[in-house]
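Beneath this line is the structure, given in structure tokens, with notes to follow.
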Amino acid sequence: MEDEDRSAALENTIPGLKSFTLRVPKINITQEYRQERFAVPGNPNSLRCKRFTMLTAMFLAALILITVHSQETEETITYTQCTDGYEWDPVRQRCKDIDECEIVPDACKGGMKCVNHYGGYLCLPRTAQIIVNEREEAAAESTSGRNNVIRRTPADPQRATPNPTHQIQCAAGYEQSDHNVCQDIDECATGTDNCRPDQVCVNLRGSFSCQCPPGYQKRGDQCVDIDECTLLPYCHHRCVNTPGSYFCQCNAGFQLASNNRTCVDINECDANNPCAQQCYNILGSFICQCNPGFELSSDRINCEDTDECRTSSYLCQYQCVNEPGKFSCVCPEGYQVVGGRTCQDINECETNNECREDEICWNYHGGFRCYPRNPCQEPYVLTSENRCVCPVSNAICRELPYSVVYKYMSIRSDRTVPSDIFQIQATTIYPNTINTFRIKSGNENGEFYLRQTSAVSAMLVLVKSLSGPREHIVDLEMLTVNSLNYRTSSVLRLTIIVGPYAF
């Protein structure tokens, strides 16, 4: 029972072991004593034997105590198996943790990273940070040997009373301090670790761990870069992998937000207006527009003057003049611009003109002319404004029209035909008379046609287009015949002034 209790106690002090056997030499210290109890009374040899036996027993008892004490400190421990998650390290003569992250393929799924832990491993998000607590025991730090290993201080050493002359034995990974305390050996600081150059040494209580730096993961015994861009959608637009890290990039027209992941629109119009005139921001870009009278150049940024006069021939009635950013319309002499585009005739007769006192001013499209106030020629005499009469008392007048009336009119150049342009009508109507109308002169080229519209009126029709500037004088005659066969005639001398333009 005592051996079993001792075995159980030792098992509790050495982590990482499931079972072991403890061999302690057994010494029989009762044999001589039993013989002494059966000595024959009254036999002197028995008494001497008794005394000799007692001395021998005392000597052997002292020797046995020394032997037992010595063997208690040199117990032989035989390991049968390390606990789950550990394996035997023949170099350090102890159970060491198994790094499942190296030997288990795809230990963690779903983009999780594998972190080795004492007796097992953890699957953590890749953004998790590992903080090593120096107060935690290293579960893999068992300090027992295979065959004859001296029992050592537990993995969590207790403070002892300072005694520089007292030598203690510490577990592997610990050393004795000046205060006789087993303190951790920082293998990372002392350079006694066996981590690869591409690994990071992390000190643990009684041991150390070789880990990959952030952005790397173990693949076999090497640290390989983690391509974060193939895992989760960290970046808003584009992800660029770098050794041990990554960074995000944005498309043109965007910039990284303060979190270095999200892309926000750049307002190019506010930052530095790139447009020559007007700038409008849109998502991820901008557009330039020009003021009226300008158009975007091929670079879509600068503005060029629009030659409105070249693009359209209907902007102005007469002539279009291009200007930077606009255009203007001009009219020929004798006209003025109305409404910015239309040309309107200037009535010079209402303003300043050069006609004499004995002349009348007649305005036409694009100019004016001066005609005599008395247009009558012998033998005609002026009876009213523009009306000349040949007196019947004058024999010459018998063969001439009784009256000549002077009229003036203006038409635009290239007027559409046929077109009614002037109406002639009898001023005096006599009973039992017949009136006929004809073009007496001025129609040698057949530009006109006189159409009688009633018994006392007729319409002059333009049948050929006339181009100006020019002047036509047409005599329109009205013949009157009564029931007594009395004939008389009247002439209307029409002066037609054709303007130089079609407006």
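The values are calculated or read from the model by the stated rules, or taken from the named source; none is laboratory data. Predicted model only: the values in this text are computed from it and were never measured. Every residue, glycine among them, receives a Cβ derived from its backbone with ideal geometry; neighbour counts consider all protein chains shown.
Descriptive notes on the structure:
- Search result, residues across segment 113-123 that are at pLDDT 85 or above and either among the hydrophobic types (A, V, I, L, M, F, W, C) or crowded, with 16+ Cβ neighbours inside 10 Å (or both): LYS113, CYS114, VAL115, ASN116, TYR121, LEU122, CYS123
- Matching residues, segment 404-440, being closer than 17 Å to CYS388 by Cα, hydroxyl-bearing (Ser, Thr, Tyr) and surrounded by 19 or more Cβ atoms within 10 Å (Cβ to Cβ): TYR406
- The residues of segment 106-128 that are assigned to a loop (DSSP other than H, G, I, E, B) and in contact (Cβ under 8 Å) with a residue 12 or more places away in the chain, listed by number, are ALA107, CYS108, LYS109, GLY111, MET112, TYR118, GLY119, PRO125, ARG126, ALA128.
- Within segment 196-213, the set of residues being surrounded by fewer than 18 Cβ atoms within 10 Å (Cβ to Cβ) and either in contact with a Cys (Cβ under 9 Å, 6 or more places away or on another chain) or part of a strand (DSSP E or B) (or both) comprises ARG196, ASP198, VAL200, VAL202, PRO213.
- Test result for TYR216, among the aromatic types (Phe, Trp, Tyr), out of contact with any Ser or Thr (no Cβ under 8 Å at 6 or more places or on another chain) and either free of Cβ contacts under 8 Å to residues at least 12 places away in the same chain or surrounded by fewer than 18 Cβ atoms within 10 Å (Cβ to Cβ) (or both): no
- Sole residue being more than 60 Å from the chain's Cα centre (by Cα), closer than 15 Å to GLN423 by Cβ and in the same structural domain as SER419 (by TED's automatic domain parsing), chosen from SER457, SER489, SER483, SER467: SER457
- Segment 328-343, subset of a type outside the set (Val, Ile, Thr) and not in a loop (DSSP other than H, G, I, E, B), residue nearest to THR306 (Cα to Cα): SER328
- CYS223 in contact with a Lys or Arg (Cβ under 6 Å, 6 or more places away or on another chain), buried (at least 17 other Cβ atoms within 10 Å of the Cβ) and closer than 30 Å to PRO105 by Cβ: no
- Residue match in segment 374-387 (condition: touching a Phe, Trp or Tyr at 6+ places or on another chain (Cβ under 6 Å) and closer than 25 Å to VAL498 by Cβ): yes
- TYR280 at negative phi, in contact with a helix residue (DSSP H, G or I) (Cβ under 9 Å, 6 or more places away or on another chain) and surrounded by fewer than 13 Cβ atoms within 10 Å (Cβ to Cβ): yes
- Residue selected from segment 231-271 under the condition among the aliphatic types (A, V, I, L, M) and over 10 Å from the mean Cα position of the chain (by Cα), by the criterion farthest from LYS109 (Cα to Cα): ALA271
- If you check PRO324, PRO332 for being closer than 30 Å to CYS370 by Cα, touching a residue at least 12 places away in the same chain (Cβ under 8 Å) and in contact with a strand residue (DSSP E or B) (Cβ under 9 Å, 6 or more places away or on another chain), only one passes: PRO332.
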